Amino acid sequence: MEAHQEVRRIRRMLWALIGLSLLTSLVVNLSLGWGGINQREQSARLAVDERIFAEQVAKLNLLIRVGTTEIRLLLDRGEKNNPIKGVKALQNLQASLEKLRTKTLKHSEPLISSLIVEADQLLSLLIKSENWRGRNDRIEADLGKDITLNKVRRQLTIIHTLINGIVGQNRLQMTLDIKSYQRAKGNDRVELSKGIIEQHKELLRENVGTLLTELADIQRLVEVLSGDPNYDHLSDIKDNKLKPSLDRLERGMTTLKNGSVSVKEVFLTEVKTLNKYLFGEGYIIDEQHQTIHVRPGGLYTLVRDYIEIQQLNGQLRDDLESAMIKIDQDWTAFVIMEQARQKEIRVTAAENLSATWITVSLISVFGVMIFLILIWFIFKAVSSQVDTLSDLRQQAESSNEAKSNFLASMSHELRTPLNAIIGFSEIMKLQTFGPLGNDKYQEYCTDITQSGQHLLEIINDILDVSSIEAGQIQINEKEFDFPGVLNESVQMVRLQAKESLVVIENNVGDDGPILIADDRLVKQVLVNLLSNAVKFTPENGTIRISKRFDHKGRFCLAVTDTGIGMDDEGVEIALTPFGMVKSAYDDNTKGTGLGLPLAKRMMEIHGGTITIESQPKLGTRVTLVFPKERILSPALTD
């Protein structure tokens with residue numbers, strides 16, 4: 001009675017402790033209020049904003065880097081480039097900055113606007129660089145293969161051939177005249193000599209060699225023009241050197257008397273073609289200002305454009321560096337400003353939270369003091385209760401020991417008369433010493449034998465349970481052939497199965513493993529399982545015995561029946577000593593409820609397990625699992 005009162009007192013103190021905890025929590029929450037909730041939400045929002053801002057910074061940095069890299073690749077001759085990738089990156093940069101402007105505060109809006117302008121400048125610079133790269137590639141392709149220069153060279157070769165033809169024609173004519181002079185006599189000889197002398201004077205006056213000299217000067221100037229990287233020298237070469245040489249070449253051919261009219265026309269045509277290759281289609285010679293107005297397509301225009309685009313390359317690079325410096329400065333300033341704003345918000349939130357927690361701490365101190373007092377009272381009461389429970393435990397252990405000793409001492413006293421009853425009833429049933437005189441006595445002897453055997457089985461099961469619980473069961477482990485033990489167990493229950501019209505299918509065969517265990521206990525486990533299966537399987541039912549090895553190498557034996565089955569609650573009851581499932585009572589089957597509990601404990605003694613899978617009206621499957629360490633013969637795992 002005093003123990004019950006002590007328990008009730010502990011319960012009251014526990015309820016008081018729970019009430020105090022709830023009250024303290026309620027007061028703390030009221031103290032925190034919506035202010036604390038808002039602070040947490042603000043911190044969460046700030047964390048999300050910081051993460052999003054960091055992602056935006058990384059994304060925009062990547063877009064800037066991609067755009068500027070593509071510009072540099074365009075300006076670097078010979079480097080592979082992807083201008084579309086750069087255009088997309090800079091367009092995405094503009095769109096991202098526009099979105100960022102709608103979300104930023106007023107003090108950072110000027111920086112964002114400036115960044116948008118600078119992104120637009122980068123996009124414009126990318127387009128200019130792409131145009132430059134197109135022009136540069138075309139001009140370098142021409143210059144690299146000397147396409148236009150070779151045209152000029154070929155034209156100079158043609159003109160040189162024409163001049164040489166005229167010179168050769170004159171020399172041939174002089175050679176013929178000299179041969180005629182050598183054959184002539186008298187006055188003819190004198191006249192021919194005068195003609196040869198006049199022809200030679202005329203050739204000297206026309207100065208055909210000057211034409212070749214002028215042509216050589218033009219060839220030299222063309223080579224200088226194609227290789228001169230100085231823009232200022234080009235105009236000087238064109239107007240002060242090439243133009244005079246070309247003029248002298250044309251005048252020299254025009255004043256030539258020995259050449260035919262057709263040869264002169266061809267010569268002048270080839271010179272004009274040379275001028276076209278030099279100064280472009282549709283060039284204009286301005287005699288008043290002593291200059292040549294060039295057009296596209298000539299060597300001069302090609303060299304001039306090449307020098308211009310190289311200068312433009314430097315200008316574009318300078319513009320890129322200037323834009324990069326500006327966008328880097330503005331972007332860094334914006335990031336620093338945004339980080340400072342976020343830091344200020346976090347500091348303010350932390351200060352507000354600290355003030356709130358100071359208030360909560362003061363409230364909590366008072367609650368903790370009361371809490372500790374109650375804990376002290378509860379501890380004192382629990383200590384007293386523990387002492388009481390210790391005394392009760394000692395009494396229970398003494399009672400259990402006395403029970404075990406009693407059962408152990410009664411085992412001989414109970415089994416001896418039962419064995420005598422069973423033996424004498426069997427002698428009487430066999431009528432060893434003569435007839436009993438009435439058939440009813442024969443029937444009674446059979447009932448006495450069966451009842452005695454059943455009672456002996458119950459007593460043996462009870463004594464086994466008691467021995468296991470007391471830790472006094474003896475295990476005699478040895479190596480044995482499992483299929484042999486299984487066959488013996490099947491034979492022991494086969495008569496019972498035959499009487500119940502139940503079929504037992506043993507699918508294990510003779511190639512089972514060799515186990516290290518107590519064969520007597522294993523046989524008892526098997527007999528218990530098979531007896532239960534027969535007992536709870538209706539007529540024309542089937543019991544199947546199968547084996548397998550799992551992935552851990554453990555040996556598994558399954559006993560599957562088509563009996564009445566159990567639900568989950570029934571399985572739990574069946575594994576409890578003396579537990580009887582309700583459906584079993586309804587079927588009027590006899591038993592003590594010790595078969596499955598004994599099998600379970602005997603398997604645990606061997607380090608194994610027993611599992612039950614069952615469904616009402618469908619049947620039950622009981623699986624024995626023997627650990628790998630108790631298996632000697634090798635086997636394949638499933």
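The values are calculated or read from the model by the stated rules, or taken from the named source; none is laboratory data. From a predicted model like this one, the values you see are computed outputs, not experimental measurements. As a convention, Cβ positions derive from the backbone with ideal geometry for all residues, glycine included, and neighbour counts pool all protein chains shown. Keep in mind that these areas ignore ligands, DNA and RNA; they rest on the heavy atoms of the full protein, side chains included. Shrake-Rupley method; radii C 1.70, N 1.55, O 1.52, S 1.80 Å.
Numbers for the structure displayed
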read-out: Subset of region 99-134 [among the acidic types (D, E) and modelled with pLDDT of 80 or more]; value: E118, D120, E130
read-out: Filtered residue count, region 553-567, keeping only those that are assigned to a loop (DSSP other than H, G, I, E, B), buried (at least 19 other Cβ atoms within 10 Å of the Cβ) and either free of Cβ contacts under 8 Å to residues at least 40 places away in the same chain or on the phi < 0 side of the Ramachandran plot (or both); value: 5
read-out: Selection from region 582-615 of residues that are charged (D, E, K, R), part of a helix (DSSP H, G or I) and modelled with pLDDT of 55 or more; value: K582, K600, R601, E604
read-out: All positions within region 296-311 that are in contact with a helix residue (DSSP H, G or I) (Cβ under 7 Å, 6 or more places away or on another chain) and outside any helix (DSSP H, G or I); value: G298
read-out: Among (1) open to solvent by less than 40 Å² (accessible area, probe 1.4 Å); (2) on the phi < 0 side of the Ramachandran plot - the single one G509 does not satisfy; value: (2)
read-out: Subset of region 521-544 (residues that are within 22 Å of E479 (Cβ to Cβ) and of a type outside the set (D, E, K, R)); value: L521, V522, Q524, V525, L526, V527
read-out: Residue check, L17 part of a helix (DSSP H, G or I), loosely packed, with under 11 Cβ neighbours inside 10 Å and at pLDDT below 80; value: no
read-out: Criterion (at pLDDT 80 or above and open to solvent by less than 30 Å² (accessible area, probe 1.4 Å)) met by exactly one of L46, L93; value: L93
read-out: Subset tally (residues that are over 22 Å from L515 (Cα atoms) and either free of Cβ contacts under 8 Å to residues at least 40 places away in the same chain or open to solvent by less than 60 Å² (accessible area, probe 1.4 Å) (or both)) for region 598-618; value: 3
read-out: Filter result for E477 (charged (D, E, K, R), surrounded by fewer than 14 Cβ atoms within 10 Å (Cβ to Cβ), farther than 23 Å from I605 by Cα and touching a strand residue (DSSP E or B) at 6+ places or on another chain (Cβ under 8 Å)); value: no
read-out: S489 being outside any loop (DSSP other than H, G, I, E, B), polar (S, T, N, Q) and modelled with pLDDT under 65; value: no
read-out: Filtered residue count, region 144-165, keeping only those that are modelled with pLDDT under 80, out of contact with any Leu (no Cβ under 7 Å at 6 or more places or on another chain) and surrounded by 15 or more Cβ atoms within 10 Å (Cβ to Cβ); value: 1
read-out: Long-range neighbours under 9 Å by Cβ, at least six apart or interchain, first residue over 29 Å from K238 (Cβ atoms) within region 304-324, second part of a helix (DSSP H, G or I) and small (G, A, S); value: L320/S129
read-out: Pairs with Cβ under 7 Å, 6+ apart, first in region 425-440 and open to solvent by 80 Å² or more (accessible area, probe 1.4 Å), second part of a helix (DSSP H, G or I); value: M428/C445
read-out: Tally of residues being open to solvent by 60 Å² or more (accessible area, probe 1.4 Å) and either small (G, A, S) or over 20 Å from L618 (Cβ atoms) (or both) across region 531-552; value: 4
